[in-house]
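The values are calculated or read from the model by the stated rules, or taken from the named source; none is laboratory data. Since we're looking at a predicted model, the values are computed, not measured. So basically every Cβ, Gly included, is an ideal-geometry build from the backbone, and we count neighbours across all protein chains shown. SASA here: full protein model, heavy atoms, side chains in, ligands and nucleic acids out. Shrake-Rupley method; radii C 1.70, N 1.55, O 1.52, S 1.80 Å.
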Amino acid sequence: VDCEGPGDPAEPPADAEDPDCGAFHSEQEESAPIQRVAGLPAHALDRVWTQPAASTSWVDFAGAVGAAATHEGIDYLHVDPSQPTVDVRAAAAGTVAYVRTGCPESSRFGHNDALRECGSGWGNHVIVDHGGGLFTRYAHLAADDVDVVVGDAVQAGQRLAGMGNSGRSEDRHMHLEVGSATEPFDPCAPARSFDVVHDPAPLGVAPTSP
């Protein structure tokens, strides 16, 4: 069932057959707190990780432990229009915990002018639960190309969506966050921050060449 928003996120739609949402589908523009940085949990290194997207360039994570992140993840930019679709893949095995859809793109390339704070600026995005309170977020996805719903089990390297330009985005890219959270994500609610974010680079998911 797709939940329609905005509205009270605690209440499922009146016509919902099931109170659990496969995706929160909304053009709502909301906000979420900037995420603070914490050291990477040791158990994160026990998983098998893979790069989640091809890129023509990238922007690294930035932030000091204990402070608000200045860039909360890694941006994988792919601005070559000769490749119309760029796959976004799970960086590690897990279960889909949250899916946000409904955020438009003014165009696939260049500055997005359409509802930039949709999905709290992340635009269309997917969150995968890797167990032990560890999650990944895949943001700025294409408006019409998300393959998964909440509850899906995914393997490392499995396609989740197409790279897009939704939300607070300056060109086609995918923003990857690795974070921790103690409370489960409500699949019927607007976008939410992690409790803390971690530098993903030690996991080997950062690009090393364009």
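Just for the range 38-84: of the residues that are of a type in the set (Ser, Thr, Tyr) and free of Cβ contacts under 8 Å to residues at least 12 places away in the same chain, which one is farthest from residue 131 (Cα to Cα)?
Here the residue is 82.
The residue that is modelled with the lowest pLDDT, among those in the range 135-166 that are among the charged types (D, E, K, R) and in a strand (DSSP E or B), is 144.
For the range 138-154, a residue qualifies if it is in contact with a Pro (Cβ under 7 Å, 6 or more places away or on another chain) and open to solvent by 40 Å² or more (accessible area, probe 1.4 Å), and the qualifying residues are 143, 150. If you check 167, 204, 179, 162 for being crowded, with 17+ Cβ neighbours inside 10 Å and on the phi > 0 side of the Ramachandran plot, only one passes: 167.
Filter the range 22-58 for residues that are open to solvent by 70 Å² or more (accessible area, probe 1.4 Å) and among the acidic types (Asp, Glu); which is nearest to residue 122 (Cα to Cα)? Across the range 22-58, the extreme among qualifying residues is 29.
Being over 17 Å from the mean Cα position of the chain (by Cα) and of a type in the set (S, T, N, Q) is the filter; apply it to the range 71-101 and report the residue that is farthest from residue 43 (Cα to Cα). Spell out the reasoning first.
Going through the range 71-101, the residues over 17 Å from the mean Cα position of the chain (by Cα) turn out to be 79-85.
The next check asks that each one be of a type in the set (S, T, N, Q); those that pass are 82-83, 85.
Details: 82: 40, 83: 36, 85: 33 Å.
So the residue we want is 82.
For the range 125-134, state whether one or more residues are in a strand (DSSP E or B) and surrounded by fewer than 21 Cβ atoms within 10 Å (Cβ to Cβ). Looking for residues that are in a strand (DSSP E or B) and surrounded by fewer than 21 Cβ atoms within 10 Å (Cβ to Cβ), one finds at least one in the range 125-134, hence yes. Of the numbered conditions (1) assigned to a loop (DSSP other than H, G, I, E, B); (2) of a type outside the set (A, V, I, L, M, F, W, C); (3) modelled with pLDDT of 95 or more, residue 9 satisfies every one except a single condition; which is it? Only one criterion is unmet by residue 9, namely (3). When residue 3 is tested against (1) modelled with pLDDT under 95; (2) in a loop (DSSP other than H, G, I, E, B); (3) closer than 30 Å to residue 171 by Cβ, exactly one condition is not met: (2).
Contact list please: Cβ distance under 6 Å, first residue in the range 167-188 and in a strand (DSSP E or B), second residue of a type in the set (S, T, N, Q) and open to solvent by less than 20 Å² (accessible area, probe 1.4 Å), pairs at least six apart or on different chains. Cβ pairs passing all conditions: 178/136.
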